[in-house]
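The values are calculated or read from the model by the stated rules, or taken from the named source; none is laboratory data. Quantities reported herein were computed from a predicted structural model and do not represent experimental measurements. Virtual Cβ from ideal backbone geometry, glycine too; neighbours counted across all protein chains shown.
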Amino acid sequence: MTSTPPIDVWNLETFDKDLLAFLNADRDVLRNYELTSRKNYEEQQAAEGWVPLKENPYAADRMYIIERIIMPAMEQRTIRAWHYTRLTDCEVALLKSSGIHTSDLAAIRRRLDAQVAVGVLSIEIANALYWESPFHEQKDARSGKFWMVSHPYAITDGGVELLLQHWGGEGVYFWLKDLAHIKLVQGIGRPRVIELAVPLSITTSTYAAAKAVVGTFVTSLGCKPDWPAFDLYATSALGADAVLNLHTEGDSSFSTLAHGYPAGFVDRD
């Protein structure tokens, strides 16, 4: 964990004074880029027939600011992120004691075996689920990652519904075709959302985070940038102290995610 407290890339009030100083130093360029970008887009949409989008004269300076100033600053910072999943009570206890681990086939095997040990799955079904995992064909692309999102999503959002409905994550349910197997994994555990403090230094998303904080900053200046939410993944384990909160179906904070919790969050229009 880094020494700075976690920030919300969508909440200016959580930005530390040094980050705010970097942003304020180039506020005119950042604001003018967004205003010009919006003006160019609206003119293109209003034109009769297709016309190319006008060049933004502030684009090069903005890119320099993001890549050379804000990205290095974000590399030293920790952000709050969100993981949507379905866990058993035993898995929650393990999470709270040992933290977060990245995904691989061995982890999937351990989770399946644990459900066999408590009588939820037969060894035959556990084996079938294991061999249907996309990790077998996509091992390099999927292994060594723990996926999250930068902004909270409502539990009814189509982007997270399947994660909340199926135990085991994409590593288990994604390629399932047998309806009985699908029903089984839908009945294991309970929907949960893990709230985490994630150092950007163990992700590949520093650029996306830099763009997000710039978007939040220019919004405070009256601009309307594109929605800056992004997916990210940790490339190494996170200790138990990285778990800031865990929201379970039935908790008031679970049902109000993105619509009342966390405080200060405003979802996209």
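Within region 16-24, the presence of a residue that is at pLDDT below 95 and of a type in the set (A, V, I, L, M) is excluded.
What do you reckon, is VAL214 crowded, with 20+ Cβ neighbours inside 10 Å and either in contact with a Ser or Thr (Cβ under 8 Å, 6 or more places away or on another chain) or closer than 16 Å to THR248 by Cβ (or both)? Here the answer is no, as VAL214 does not meet what is asked. Taking (1) within 25 Å of ASP231 (Cβ to Cβ); (2) out of contact with any helix residue (DSSP H, G or I) (no Cβ under 7 Å at 6 or more places or on another chain); (3) among the charged types (D, E, K, R) in turn, ARG62 satisfies each apart from (2). For region 144-189, which residues satisfy the criterion of being in a loop (DSSP other than H, G, I, E, B), touching a residue at least 40 places away in the same chain (Cβ under 8 Å), under 26 Å from PHE265 (Cα atoms) and among the β-branched types (Val, Ile, Thr)? Once the filter is applied, which keeps residues that are in a loop (DSSP other than H, G, I, E, B), touching a residue at least 40 places away in the same chain (Cβ under 8 Å), under 26 Å from PHE265 (Cα atoms) and among the β-branched types (Val, Ile, Thr), region 144-189 yields ILE155, VAL160. Selection of region 22-36 for residues being under 18 Å from GLU67 (Cβ atoms) and surrounded by fewer than 17 Cβ atoms within 10 Å (Cβ to Cβ) yields ALA25, ARG27, VAL29.
Taking region 57-76 as the range and being in contact (Cβ under 8 Å) with a residue 12 or more places away in the chain, surrounded by fewer than 17 Cβ atoms within 10 Å (Cβ to Cβ) and within 18 Å of CYS223 (Cα to Cα) as the test, the residues that pass are PRO57, ALA59, ASP61.
Every condition in (1) of a type in the set (Lys, Arg); (2) assigned to a loop (DSSP other than H, G, I, E, B); (3) under 23 Å from THR256 (Cα atoms) is met by ARG192 except one, and the failing one is (2).
Annotation: GLY49 fulfils all but one of (1) surrounded by fewer than 17 Cβ atoms within 10 Å (Cβ to Cβ); (2) under 30 Å from VAL185 (Cα atoms); (3) not aliphatic (A, V, I, L, M); the unmet one is (2). Among the conditions (1) surrounded by 21 or more Cβ atoms within 10 Å (Cβ to Cβ); (2) more than 30 Å from LEU12 (Cβ to Cβ); (3) of a type in the set (S, T, N, Q), the only one that GLN165 does not satisfy is (1). Here LEU221 passes the criteria (1) assigned to a strand (DSSP E or B); (2) aliphatic (A, V, I, L, M); (3) surrounded by fewer than 18 Cβ atoms within 10 Å (Cβ to Cβ) except the one numbered (1). Could you look through region 224-255, keep only residues that are of a type outside the set (A, V, I, L, M, F, W, C), part of a helix (DSSP H, G or I) and in contact (Cβ under 8 Å) with a residue 40 or more places away in the chain, and pick out the one that is surrounded by the most Cβ atoms within 10 Å (Cβ to Cβ)? In this case the residue turns out to be SER255.
Taken over region 104-141, the residue count meeting the criterion of being under 20 Å from ALA180 (Cβ atoms), among the hydrophobic types (A, V, I, L, M, F, W, C) and outside any loop (DSSP other than H, G, I, E, B) is 9. Hey, does region 84-95 have a residue that's among the acidic types (Asp, Glu), at pLDDT 95 or above and part of a helix (DSSP H, G or I)? Yes, region 84-95 contains at least one residue that is among the acidic types (Asp, Glu), at pLDDT 95 or above and part of a helix (DSSP H, G or I). Only one entry of ALA60, ALA21 meets the criterion of being in a helix (DSSP H, G or I) and within 27 Å of the chain's Cα centre (by Cα), and that entry is ALA21.
Let's see how each residue does on (1) of a type outside the set (D, E, K, R); (2) closer than 30 Å to PRO5 by Cα; (3) free of Cβ contacts under 8 Å to residues at least 40 places away in the same chain:
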position	(1), (2), (3)
TRP82	yes, yes, no
GLU91	no, yes, no
ALA117	yes, no, yes
GLN138	yes, no, yes
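Just to be sure before I move on: is SER201 under 27 Å from LYS139 (Cα atoms), at pLDDT 95 or above and part of a helix (DSSP H, G or I) in the structure I sent?
It is true that SER201 is under 27 Å from LYS139 (Cα atoms), at pLDDT 95 or above and part of a helix (DSSP H, G or I).
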